[in-house]
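*Asks:* Got a structure for you, written out below as structure tokens; questions coming shortly.
The values are calculated or read from the model by the stated rules, or taken from the named source; none is laboratory data. The shown structure was predicted, so the numbers you read here are calculated from the model rather than taken from an experiment. Reconstructed Cβ throughout: ideal geometry from the backbone, glycine too, with neighbour counts over all protein chains shown. In case anyone asks, the SASA skips ligands and DNA or RNA and just uses the protein heavy atoms, side chains included. Shrake-Rupley method; radii C 1.70, N 1.55, O 1.52, S 1.80 Å.
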Amino acid sequence: MQALPTGEDAAPAVAGFDLTKLPTLEELEEMSTDELDDFLGLKPSADIPAAARRSMERAGVLATSEGGLPGGSLAKQPAALVRAALKGTNKPMVSRWGHILLRRALASRLAAPEGMDPVEFATLRVRTLNMMGEYSVARALVQDIDTANYSPALAAAAIDAYIGTADIVGACPAVRLVRTDREDAQWKMLSGICAAFAGEETRAQNDLRRLQNSGQMAAIDVLLAQRFAGAAGTGGKAVTIEWDDVSDITPWRFALANALSEPVPEGLIDDLTPALLKSAAVTPALPFLQRVAGSDVAGQSGILSASAMVDLYGQIHAEGGGDSDAATRAARLREAYVGTDPAARLAAIRDVWSDAGGFAYGRMVLTAYAAARLPAQEDFSDDAGELIASMLSAGLDRDAMLWANVVEQGSVGWALLAIAAPNRRQAVTDGEMDNFLDDDGSSGQRKSRMLLAGLAGLGRLDQATINEYSGKLSISLGGETRWTRAIDGAARVGNPTLVALLAGLGMQGDSWDRMTARHLFHIVSSLRRVGLEAEARMIAAEAVARA
């Protein structure tokens, strides 16, 4: 009889397995299907057939023909500069138009800079979009990339985008296919949910129950996950959601509650952060009255267009909102658009603007097209500045120019038109600037500073006038920093995408008080030099209107 092998021959490698590390029968019985597939090397790394897989050469959702920025514009740029610009952009934009421009750049179908991994480039873009509250755009971007190409960092950014859009099941390919070292409680809850939707309902509920007993997460978080996982099977045990001990709403709770149509108590809804208000405004699962509560901040930030805001109020008016403030506002908005008397329409517009709190500019976005429908007449000259600002918030510059013969020289309305005029070739004179400075009642004459920076950036002031009023306002538009050198250099070589990224880096903050005249000058000047003059004009006009 042949002797049994000993020593090194006792456990040869068979078909790629190290037999010395085989689990026991008990350990095998405890393994989930996923864990067993992973151990045997059977776990798939992709959910798309090889013939249908997509290249990472140019990831994005907006082609040049659709308004995207040039696809190869960053390919020859320094990877370190692009990386620094994207990593450094970690706060929302002060400017609505700056937000819109940066979103357009990040969503464009772009090639990665030379020396940067395309997956890293995509990850940085998705993270920035998430930070901006543009979860839908971020989700579309990650969906343009095959899961087989995901890194752990891209998977994490993708999951944030899916949670931001309350698309929990959409995150499952990243959760189940991407190899990651994550062991945090949120990951475990997602793993349980995804296991349930993969047919492992019993095991998923057991895992979630163990997580609940471990105390790693608040009870409400795991209960919401259990309810969601239960929707994948035959129903099973009912899960009662109790909000009594919950003091705040997190993105996870908000997403799960919305996905489950689980009502969040009014006391918690009233205390949503601006970031969650932005999500609420674009979450289809929420009632219109809850969505409209976030529409002001979403409109002001650039997430919602004027048309989208009007559509939202139109739904409230059509369905009836009872005696709520939103229903009253919807009725006044309708009067602002379709009323027969212009004076009554103006009164309705002013009613819509009232009681907006810190998001007054969002209400101006809401009334942009109503303002454009008003006749430009002397009777309304006192309101011309705000009406023009409202029109320009939606880019209606040609409608705003109809008021050129109505506004008084030196007024805010005059200043906005001096900046926003599409084809102005005549320089603004020092006499016109004097009139504006004399009437400027803004704190620290910030409107005058923004006007000077905007006009100088657009090339609508001669150098002597720039020098004169820089002295009067005690500001300097010159002087160099690393950022000014970078954005001026990008403009000098005619690169609109890099200018847009650097402009976003320079427009971060929670209010226009964070924006300096020097920053505005370099942003407006650089945008104009790379062919983005329309965006430059709108950003400069917004600065004057909101300073």
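*Asks:* For the stretch 78-139, what value does the Rg/Rh ratio take when both radii are computed over Cα atoms and Rh is the Kirkwood radius, given to two decimals? Don't jump to the answer; show the numbers that get you there.
*Replies:* Details: Rg = 11.2 Å, Rh = 11.9 Å.
In the stretch 78-139, Rg relative to Rh is 0.95.
*Asks:* For the chain, what's the radius of gyration and Dmax over Cα atoms, in angstrom?
*Replies:* Cα only, the chain: 28.1, 113 Å (Rg, Dmax).
*Asks:* Also: Tell me the Kirkwood radius of the stretch 465-504: reciprocal of the mean inverse pair distance over distinct alpha-carbon atoms, in Å. Could the numbers behind the result be given before it?
*Replies:* Working: mean 1/r = 0.0872 Å⁻¹.
The Cα-based Kirkwood calculation yields 11.5 Å.
*Asks:* Right, here's the next one. Net charge around LEU458, counting only other residues with Cβ within less than 9 Å of its Cβ (Lys, Arg = +1; Asp, Glu = -1)?
*Replies:* Working: positive: ARG424, ARG460, ARG528, ARG537; negative: GLU533.
Taking every other residue near LEU458 into account, the sum is +3.
*Asks:* Roll a 1.4 Å probe over the protein chains and send me the accessible area per residue for the stretch 456-515 in Å². List each step's numbers first, then the result.
*Replies:* Working: 2600 Å² over 60 residues.
In whole numbers, the stretch 456-515 has 43 Å² accessible per residue.
*Asks:* Grab the DSSP H runs of the chain that are 4 residues or longer, score each as -39,500 (n - 2.57), total them, divide by all residues and round the 222 nm result to the nearest 500 deg cm²/dmol. Please report the intermediate quantities before stating the final value.
*Replies:* Numbers: 31 runs with 310 residues, N = 547.
So the helix-based figure for the chain works out to -16500 deg cm²/dmol.
*Asks:* So if I take the alpha carbon set of the stretch 267-325, get Rg, then get Rh from the Kirkwood formula, what is the Rg over Rh ratio? Write down the numbers at each step before the final one.
*Replies:* Working: Rg = 11.0 Å, Rh = 11.6 Å.
On the Cα set of the stretch 267-325, Rg over Rh gives 0.95.
*Asks:* What number comes out for the charge environment of TRP243, summing +1 per Lys or Arg and -1 per Asp or Glu over other residues with Cβ under 10 Å away?
*Replies:* Working: positive: ARG253; negative: GLU242, ASP244, ASP245, GLU262.
Every neighbour counted, the sum reads -3.
*Asks:* Rounded to the nearest 20 debye, what is the charge dipole size of the stretch 66-204 about its Cα centre when +1 sits on each Lys and Arg Cβ and -1 on each Asp and Glu Cβ? Could the numbers behind the result be given before it?
*Replies:* On the way: 16 positive and 14 negative charges, 99 e Å.
Using Cβ point charges on Lys, Arg, Asp and Glu, the stretch 66-204 gives about 480 debye.
*Asks:* Okay, next question. Would you mind counting up the charge near ARG345? Only other residues with Cβ under 9 Å from its Cβ, with Lys and Arg at +1 and Asp and Glu at -1. Show your work: numbers first, answer last.
*Replies:* Details: positive: ARG373; negative: GLU335, ASP341.
So the environment of ARG345 carries a net charge of -1.
*Asks:* Going by Cα centres, the stretch 58-75 and the stretch 457-484 are how many Å apart?
*Replies:* If you average the Cα positions of each part, the centres end up 33 Å apart.
*Asks:* Hey, could you grab the Kirkwood Rh for the stretch 374-503? Inverse mean 1/r over distinct alpha carbon pairs, Å, one decimal.
*Replies:* Over the stretch 374-503, the inverse of the mean reciprocal pair distance is 16.1 Å.
*Asks:* How do the peptides 70-83, 392-405 rank, highest first, by the average count of neighbouring beta carbon atoms within 10 Å per residue?
*Replies:* Numbers: 70-83: 16.9, 392-405: 19.8.
Sorting 70-83, 392-405 by mean packing, highest first, produces 392-405, 70-83.
*Asks:* With charges set only on the Cβ (+1 for Lys and Arg, -1 for Asp and Glu), what does the dipole of the chain come to about its Cα centre, in debye to the nearest 20? Write down the numbers at each step before the final one.
*Replies:* On the way: 52 positive and 69 negative charges, 364 e Å.
Roughly 1740 debye, rounded to the nearest 20.
*Asks:* Okay, moving on. For the stretch 454-547, what is the charge dipole size about the Cα centre, in debye to the nearest 20, if Lys and Arg each add +1 at the Cβ and Asp and Glu each add -1 at the Cβ? Each step should come with its number before you reach the end.
*Replies:* Values: 11 positive and 9 negative charges, 27 e Å.
The dipole of the stretch 454-547 has a size of about 120 debye.
*Asks:* So if I take the alpha carbon set of the stretch 370-448, get Rg, then get Rh from the Kirkwood formula, what is the Rg over Rh ratio? Don't skip to the answer; put the middle values down first.
*Replies:* Working: Rg = 12.3 Å, Rh = 12.9 Å.
Reported Rg/Rh (Cα atoms, Kirkwood Rh): 0.95.
*Asks:* Sum up the lysine pairs in the chain that clear both bars: alpha-carbon distance under 24 Å and a spacing of 8 or more or different chains. Intermediate results must be reported in sequence, preceding the final value.
*Replies:* On the way: LYS21/LYS43; LYS43/LYS188; LYS76/LYS87; LYS87/LYS278; LYS91/LYS278; LYS91/LYS447; LYS188/LYS237; LYS447/LYS472.
Count of close lysine pairs: 8.
*Asks:* Moving on to the next point. To the nearest whole percent, what portion of all C-alpha pairs in the stretch 217-281 is separated by more than 20 angstrom?
*Replies:* 26
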